[in-house]
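Student: Pasting in a structure now, in structure tokens, and then I'll have a few things to ask.
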Amino acid sequence: MSDLPETSGRPELLVAEPLVRTEIKIGYARVSTGGQKLERQIDALTAAGCRKIFADKKSGKTDLRPELKACHAFLDAGDTLVVPSLDRYGRSLQDLINMVAELRERGIGFTSLHENLDTTTPGGRLIFHVFAALAEFIRELIVQGTREGLAAARVRGRVGGRPTVATEEVIRAARDLLPDPGRSITSIAKLLGVSPGTLYNHIPDLRDLRAAGVPHQLEASK
């Protein structure tokens with residue numbers, strides 16, 4: 001699968017990561033609704049031994065999460081990022097996979113307390129390999145279903161050309177595909193038989209959906 005990390009000639013699942021650990025733990029917390037509070041998450045991260053904790057207080061669905069970006073920039077190779085749970089970190093399965101993969105490339109460990117996942121262990125890395133395979137499988141199902149739907153539409157008489165109005169099925173499929181950083185907006189529009197402008201017009205949060213799958217948040221500002 002394309003999301004699985006390359007092995008580079010060594011058994012990735014068995015090699016200790018990070019190779020050199022600083023034993024420094026940095027925490028990240030986030031609330032997803034206005035009524036939620038951070039205290040419980042911060043208490044859990046403090047109990048886990050986090051030296052510093054970053055916290056975003058707005059929903060990750062509509063915000064770029066500036067504290068997460070600051071957290072990623074603060075991390076050094078050998079550190080470990082600790083989160084209360086996976087849903088506090090990634091906004092989607094693909095978002096989670098992309099960010100954890102880039103942390104690994106920087107030599108940074110990742111731990112989720114609620115799920116007891118730790119990428120510094122072989123078992124934790126194996127689970128993320130399974131996650132990556134599952135995300136790829138889901139994307140293939142979406143693409144296959146979309147193609148079958150378009151083929152059925154052609155049989156019913158809508159042969160060739162682009163639909164004048166995007167259907168609910170097309171918009172739903174587009175929303176599923178947009179977080180995939182491996183596909184451009186143009187390629188998604190072509191696959192669905194519409195123009196890129198149609199996607200922009202019918203999906204107000206298109207840019208947020210794209211941001212959910214692009215690991216630009218991990219770019220360190222050091």
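Student: By average Cβ neighbour count within 10 Å, what is the ranking of 109-119, 89-99, 123-133 from highest down?
Tutor: The densest-packed peptide leads the list: 89-99, 109-119, 123-133.
Student: Rank these for me by crowding, 57, 25, going from fewest to most other beta carbons within 10 Å.
Tutor: Fewest-to-most Cβ neighbours within 10 Å comes out as 57, 25.
Student: Over the range 25-121, what relative contact order in percent results from Cα pairs under 8 Å that are six or more residues apart?
Tutor: On the way: 157 pairs, mean separation 28.0, N = 97.
Relative CO of the range 25-121 lands at 29 percent.
Student: Using a Förster distance of 35 angstrom, determine the FRET efficiency expected from the C-beta separation of residue 172 and residue 48, and round it to 0.05.
Tutor: For residue 172 and residue 48, the calculated efficiency is 0.35.
Student: Moving to a separate point now. Fewest Cβ neighbours within 10 Å first, please rank 190, 37 accordingly.
Tutor: Listing 190, 37 from fewest to most nearby Cβ atoms yields 37, 190.
Student: Can you sort 203, 26 by how many other beta carbons sit within 10 Å, fewest first? All intermediate terms of the calculation are to be shown ahead of the outcome.
Tutor: On the way: 203 17, 26 20.
Least to most surrounded, the residues fall as 203, 26.
Student: With labels modelled as points extended 7 Å from the Cα through the Cβ direction, what inter-label distance (nm, one decimal) is found for residue 120 paired with residue 93?
Tutor: Once both label points are built, they end up 2.8 nm from each other.
Student: Rounded to the nearest 5, what is the percent of antiparallel bridges among the DSSP beta bridges in the range 25-121?
Tutor: 15
Coordinate-derived values only; no laboratory data. These numbers come from a predicted model, not from an experiment. Cβ: placed from backbone, ideal geometry, glycine included. Neighbour counts: every protein chain shown.
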